[in-house]
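See structure below.
The values are calculated or read from the model by the stated rules, or taken from the named source; none is laboratory data. None of these values were measured; they are calculated from a predicted model. With ideal geometry, Cβ positions are generated from the backbone for all residues, glycine too; neighbour counts draw on all protein chains shown. The accessibility values were calculated without ligands, DNA or RNA, using every heavy atom of the protein model including side chains. Shrake-Rupley method; radii C 1.70, N 1.55, O 1.52, S 1.80 Å.
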Amino acid sequence: MRVLAVSSPIYAHTVNAVPFVVGLQQRGIQVDRAMATPFVGTGGSVPGGRWDTGPVADFASSQGALREVSRRYAWLLEDAGRRLPAILELIESLRPDVVLTDSLGYAAALAAERLDLPWATFGDGPLHYPDEWTPPFGAGLPYRRERPWVWRNQVIQAASRGLIMRTAQRTYAEVRAGIGLPPSATPVLEAALSPHLHLHCGAPELEYPRQSVPRHVHFVGALRPPAPGSWQRPDWWDAVVGTGGDGETDGTNGTGLVLGTQGTLRADPAEVLAPTAVALSRLKLPGILTTGAGDPALLGGPGLLERPEGPGPQGPGRVAVEAFVPYEAVLPHTSVFVTNGGWTGVLLALAHGVPVVQVGRTEEKADIGRRVEWAGAGVHLPSPGRGTDPRPLVRALDTVSTDPAYRRAASGIAASLAGRDPGRDGAALIEACASRGIG
C-alpha cells in the first residue's frame, strides 16, 4: 500500500501531517510527501520521497473577520490552481492507493477527485459541516440554540455563501473547470474536506453539537508534532518552573505557572505576549512567553525578565521569554495557557488538563476560543485591552487561574483526548479507506 501526503501552503498544517505519516510508516505503509516549502521540524525522522510544491503562505497581515477569511480562501484556491499540474503529474507517476491532505488542501483534493482516487483529510481547526445550530465559520460568535440565534446563523451563513465567499466560490469553480471537473454545489469552506474519510484532530467534548455529523468523520485526538531534538532546558528553567509551577491551583494568584504563546503564524508580540507580560506583572504570576516567529528582544528577552515590582504572594513571580519551548516540556507544569488560539497548542494544553485564555479575532482563532469557552475549559477575549492596560486580560487570567471549574472542564477534555491517538487511529482509518477505494 502507498500513501501520498500533500500539504497546503501553511507551515502548521505541513508539520501537523507528521503524526499521521509516522503512524502509517509504523504500520509498514509506504508514504511519499509532497510538502510546501520550507518544511522544518522532522529532520530525518520521516523518511520517504519529498517534492516541494511551492512557497508557504504569509498571512501575518490579517486583521481577521469574515471578509479576511474570504480573501484567504480565494488566495488558497488560486494557489491550488498553480500547484495542481505538478500534483496531478506526481499522483499519476507514483500511483498511490490514497492521498492524505489537510482541510485546506484543495490541490490534493481536486487532483484526487480528477484521477478518481480516494483521499483522506485531517482537520486541525474548528470542525466544518455547519448546520443551523452552529455559528458561521470565521464569525467568532458564541454557540446558542435559541430560535433568534438559529435565525442569526441562517442569515449570516446565507450571506457568507452568497456574498462574502462569492469570490472564493467563483475561484473554486474556475479551478475545477480548469482540470475538467464538473461544477459542484459544495460551499467552498467544505469543498476540500474528504467525502471518504475526515480525521478531526480533537474530541467531541470540544466541538459544538450538531443535528448530524457525517459518518466518515472521526475524532482522533491531539496532535503532538515532534520537538527538535537539540532543545535543552535554558538556565532560567528551575527559577521559573519551580516557582509554583506544578500545574495545581489553590485559589491564590501566586500559584501556578502561565504559558503564553504568539503561535507560528503571527510575529507581532504586541497582540498577545506584551499584554500577557503586563498581566503577569500585575498578578505576580510566574510565566513563560514564547514568541515563535517573533523576536524575543521585542519583549526584553531571550531569558529571564527583570521584575521591578518585587516578589508575589507565593514567590518572585518570574517571567522568561524565549523564541521556542516545547509544549510537552512545559505544559505538565502549567496552570493556564494564554494563546492567540492556534488549534494545535490549544489541544495540547487541554490534553494536559490546562485551561485556556484565548485572545484575539485573527483567522479562525475566535471560533476556537468560543469552543473552549463553550466547553467551560477557558475564556475567549476579543481583545486583551487597550495599550499597556490590558484589564480584560488581567481579569480573565485571574479568574481562570483561581476558579477550579475551568481546570475540571479541561481535565474532562483531557480524559477524552487520552483515549485517542492521531498516529495510531488515523493510520488505521486511512489504511481502511485505501482498502475500500471508491464506490
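Below 10 angstrom from the Cβ of Val18, what's the summed charge of the other residues (Lys, Arg +1; Asp, Glu -1)?
Charge balance near Val18 sits at +2.
Give the span of the range 100-242's Cα atoms along each principal axis, as three whole-Å numbers ordered largest to smallest.
59, 44, 29
May I have the pair-distance distribution P(r) for the range 76-137, computed from all Cα-Cα distances with 5 Å bins from 0 and rounded to whole percent?
Spelled out bin by bin, the range 76-137 gives 4, 17, 24, 20, 15, 10, 6, 3, 1 percent.
Around Arg424, with a cut-off of 14 angstrom between Cβ atoms, what is the net charge of the other residues, counting Lys and Arg +1 and Asp and Glu -1?
0
If I ignore ligands, DNA and RNA and count only protein heavy atoms, how much of Thr344 is accessible to a 1.4 Å probe, in Å² to the nearest 10?
Here the accessible area works out near 30 Å².
Please report the accessible area of Ser70 (heavy atoms, 1.4 Å probe, ligands and nucleic acids excluded) in Å², nearest 10.
Here the residue's solvent-accessible area equals roughly 10 Å².
Taking every pair of alpha-carbon atoms in the range 340-435, what share in percent sits in each 5 Å bin, from 0 to the bin with the longest distance?
Pair shares across the bins are 3, 14, 20, 20, 16, 11, 7, 5, 3, 2, 1, 0.
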